[in-house]
Amino acid sequence: MKTNKYYKVVAGVFSSLLLLVSCLFVTSCDDKLELTNPNQQTTATFGNTAEDLEECVIAAYNHIRMEGSYARVGYTIDLTRGDEVWNSSQVWYLPFDDLNVPATDEICMWPWREWYYTINVCNFILSRTDAEGVEMTEQMKRIKGQALFIRGLSYYNLAGYFQTPIVITDYNSYSDLNSLYGANNTYDEVWDQVESDFQAAMSLLPARSIGGQWAQGRATSGAAAGFYARALMMRHKYSEALTVLKAIIGGTYGTYKLMDNYGDNFREGAKYENNDESLFEVQFLDYGSQGTDDEWTPVNTSSNATQGNAIESNFGPGDCGGWADLSASPWLYNLFKAERTTSGGLDPRLYWTIGTYEPEWDGFEYGNVCYTLPMSGDAYVVTNNNYGGLPIAKFTNLRTGIYDKVVTGLHCGINLRMMRYSDVLLRAAECENEISGPTQQAIDWINQVRNRAGLASLKLADFNSKDKLFEQIANVERPKEFGCEYGRGFDLIRWGFFYDSGRLEQMKQHAAVNFWTKANYEDGVITFTPKDAVDYSSCSKSSFDSWTNGHEFLPIYQGTLNDNPNLVGNSANFSTSNADYFSGKGWTVHPVVGL
């Protein structure tokens, strides 16, 4: 579907959804003359055939690659609230990285805006597929399944970011201002909806084995199953999640496997994207095949849209034309350096995660390059010239050799792999460990991921407790496999790390950084390098020092609260702790364990 501009907005679909509200205000008391514009689609004339609904599905997919969903801010905010990434510009994203963003920050509204646009389209589709007399053909099942998956994905993000958003599932709600301006749902109610949508999608969607163009980039039963397991784990439903994860591993939803080359998960082009490891990814057009108009908001409908993402712009070093906003933490870099492969080399995942010079990279993949520019050992490449930072290579062209500098804006054509098979394996290991760990089965699933990177297999005898194996999964295996990818912020919340003093201290240590400039280094004012491990007791800053109770979530934007008298703020708006909710569920935080 990528070659057919899979994410091009269908303008007629969009206008028909907006027309419903406007019609409330244009009804005349004088019915002497009625004119119908045959060129104006409405909710009455559009969406009554499978072909119309296919266009709606495309419109729904389009909304997940906007500014506030996955094209930039909606993706990168989760990275900033994790411990693997820090704000090297000390400007853009700074309050999100400091975990104390105020409710007046408009950026908070962008993910809310985008995901509700997406939900609106999905609700319209479902109002048609669920209508009386509709025959559920195979095509209609796929249409309905995709709408359910995308709506579930939308609420997954809204729950993970905003904690208590409004759940709207009835399209008719939009014609009634009382229901349109709804009140908050509880955190559990939102997750109940997420689980329901993903579970229903699992039974309607085909497996990826259907093949052909249909399966390229669309949600399949495997994607729905994977995200269903993720949703279950957000509320510690480990037994249920393990059953689903085992079914994925066993091939119930199609065949998935780890790619031999880890780097194939982060390159663009048909040879690499939608590969055997990918359960679901957001589609972007390859570089050079896009239009020229950046579309930052969902109200734009340019036929010449770029249809790329701007993740690379935020990651890219300033000297290479990037916006120099986000960098990998020194903790993550040194975690990679702490363990060699069985042949004595560096973990190849480091190459694709952090853009540093290493002697071992000469002759490896594209070699020691920053875009197409050669790197050397005595010339440190940093993200930001004022504050330093280790450049993030993942989901950028820093290592691909496609071009010599960042093409800023919505131009990067690398698909964002939102769930990979390695996540299935490591989540299965985590669930197994929570239920009856440590076990050899959990170790075996972990070793599949480690062995792909050339690392030695773990041994069960080295893990004498569930807590120790959890530590290995949470702070070694997952960071090295998924470092600087979306999802770490969700993990820290579900693990309860914000509600335990030991874990909070650990996150502060992980996120510790030292500001670095080339001039000060050359003048001897500072003696450390950007790669050195950071001593938290004397660091320049750590993101988690400024975390405020409740701000593991984003506050609901004050402008949204002002517009909706039925809506109230969440824990971030009021800076209230969520520790009682966590412990009240009977959940416990694993204590920090030395490895």
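The values are calculated or read from the model by the stated rules, or taken from the named source; none is laboratory data. Nothing here was measured: the structure is a model prediction, and the numbers come from that model. Cβ: placed from backbone, ideal geometry, glycine included. Neighbour counts: every protein chain shown. In case anyone asks, the SASA skips ligands and DNA or RNA and just uses the protein heavy atoms, side chains included. Shrake-Rupley method; radii C 1.70, N 1.55, O 1.52, S 1.80 Å.
I'd like the orientation of helix 109-129 relative to the chain: the angle between its Cα long axis and the longest Cα principal axis, in ° from 0 to 90, rounded to 10.
50 degrees
In terms of the Cα gyration tensor, with a ≥ b ≥ c the square roots of its eigenvalues, is region 550-595 rounded because a/c is under 1.5, prolate because a/b exceeds b/c, or oblate?
Note, shape of region 550-595 comes out prolate.
Give me, ordered by chain and number, the residues 5 or more places off R420 or on other chains with an amide H under 5 Å from its own placed amide H.
Under 5 Å from the amide H of R420: L279.
Can you give the local net charge around W323? Use residues other than it whose beta-carbon is closer than 13 angstrom to its beta-carbon, Lys and Arg +1, Asp and Glu -1.
Value of the local net charge: -1.
What three numbers, in Å, describe the spread of the alpha carbons of region 168-252 along their principal axes, ordered from the longest?
Answer, in whole Å and largest first: 46, 34, 17 Å.
Tally Lys and Arg at +1 and Asp and Glu at -1 over the other residues with C-beta under 14 Å from the C-beta of L335: what net charge comes out?
Within the 14 Å Cβ shell, the charges total 0.
Each residue of region 251-264 in order: what ³J(HN,Hα) in whole Hz does its phi give by Karplus 6.51 cos²θ - 1.76 cosθ + 1.60, θ = phi - 60°, with x for Gly and Pro?
My calculation for region 251-264 gives x, 4, 10, x, 9, 10, 7, 6, 5, 4, 9, 3, x, 5 Hz in order.
In debye to the nearest 20, how big a dipole does region 473-595 give about its Cα centre with +1 on each Lys and Arg Cβ and -1 on each Asp and Glu Cβ?
Dipole size: approximately 160 debye.
For a quick check: with amide H placed at 1.01 Å from N, whose amide H comes under 5 Å from V369's, ignoring anything fewer than 5 positions away on the same chain?
The list, which skips near neighbours in sequence, is M375.
Out of the total accessible area of the chain (probe 1.4 Å, heavy atoms of protein only), what percent is carbon and sulfur?
Of all accessible area on the chain, carbon and sulfur atoms account for 49 percent.
Might you tell me the accessible area per residue for region 417-469, computed with a 1.4 Å probe and given in Å²?
Each residue of region 417-469 exposes 32 Å² on average to a 1.4 Å probe.
For the chain, what does the helix formula give at 222 nm: sum of -39500 (n - 2.57) over DSSP H segments with n ≥ 4, over the residue count, nearest 500 deg cm²/dmol?
-11500 deg cm²/dmol
Calculated from the structure, Rg/Rh (Cα atoms, Kirkwood Rh) equals which of (1) 1.10; (2) 1.03; (3) 0.96?
The listed entry that was calculated here is (3).
Tell me which aspartates and glutamates have Cα within less than 17 Å of K141's Cα, excluding those fewer than 8 residues away on the same chain?
Correct list for K141: E51, D52, E54, E55, D130, E132, D197.
Which ³J(HN,Hα) values, rounded to whole Hz and listed in residue order, are derived for region 224-238 from phi using the Karplus coefficients 6.51, -1.76 and 1.60 in 6.51 cos²θ - 1.76 cosθ + 1.60 with θ = phi - 60°, glycine and proline given as x?
Values per residue, Gly and Pro as x: 4, 5, x, 6, 4, 4, 4, 4, 4, 6, 4, 10, 6, 8, 5 Hz.
Excluding residues fewer than 8 places away in the same chain, name every one of the lysines whose C-alpha is closer than 18 Å to that of K405.
The qualifying lysines are K394.
Ranked highest first by the average count of other Cβ atoms within 10 Å around their residues, in what order do 344-356, 141-153 fall?
Per-residue mean Cβ counts within 10 Å order the peptides as 141-153, 344-356.
Going highest first, how would you order 380-390, 289-299 by mean Cβ packing within 10 Å?
Ranked by mean Cβ neighbours within 10 Å, highest first: 380-390, 289-299.
How long is the gain from T45 to S289 if the chain were fully straight, where each residue apart is worth 0.36 nm and the alpha carbon distance is subtracted?
Stretched out fully, the T45 to S289 stretch lengthens by 84.4 nm.
Would you kindly derive the ³J(HN,Hα) couplings of region 76-84 from the backbone phi angles with the Karplus curve 6.51 cos²θ - 1.76 cosθ + 1.60 (θ = phi - 60°), listing them in order in whole Hz, with x for Gly and Pro?
Values per residue, Gly and Pro as x: 6, 4, 5, 5, 5, 8, x, 9, 9 Hz.
Check G388: other-chain or 5+ apart residues with amide H under 5 Å from its amide H, H built from backbone geometry?
W516
For a test of the definition: using alpha carbon positions, the gyration tensor, and the 1.5 limit on a/c, classify region 277-318 as rounded, prolate or oblate.
It is oblate, given that a/c is not under 1.5 and a/b is not larger than b/c.
As a quick test, which of the pairs K508/K585; K480/K508; K508/K541; K480/K531 have an alpha carbon distance above 20 angstrom in this structure?
K508/K585
Compute the distance from the alpha-carbon center of region 238-287 to that of region 459-532, in whole Å.
26 Å
Taking only protein heavy atoms and a 1.4 Å probe, what accessible area per residue, in Å², does region 104-148 have with all protein chains in place?
The answer is 39 Å² per residue.
Could you report region 273-351's accessible area per residue, 1.4 Å probe, as an integer in Å²?
For region 273-351, the per-residue accessible area is 30 Å².
Using the Cα gyration tensor of region 111-244, with a ≥ b ≥ c the square roots of its eigenvalues, what is the shape: rounded (a/c below 1.5), prolate (a/b larger than b/c) or oblate (neither)?
Oblate shape, in that a/c is at least 1.5 and b/c is the bigger or equal ratio.
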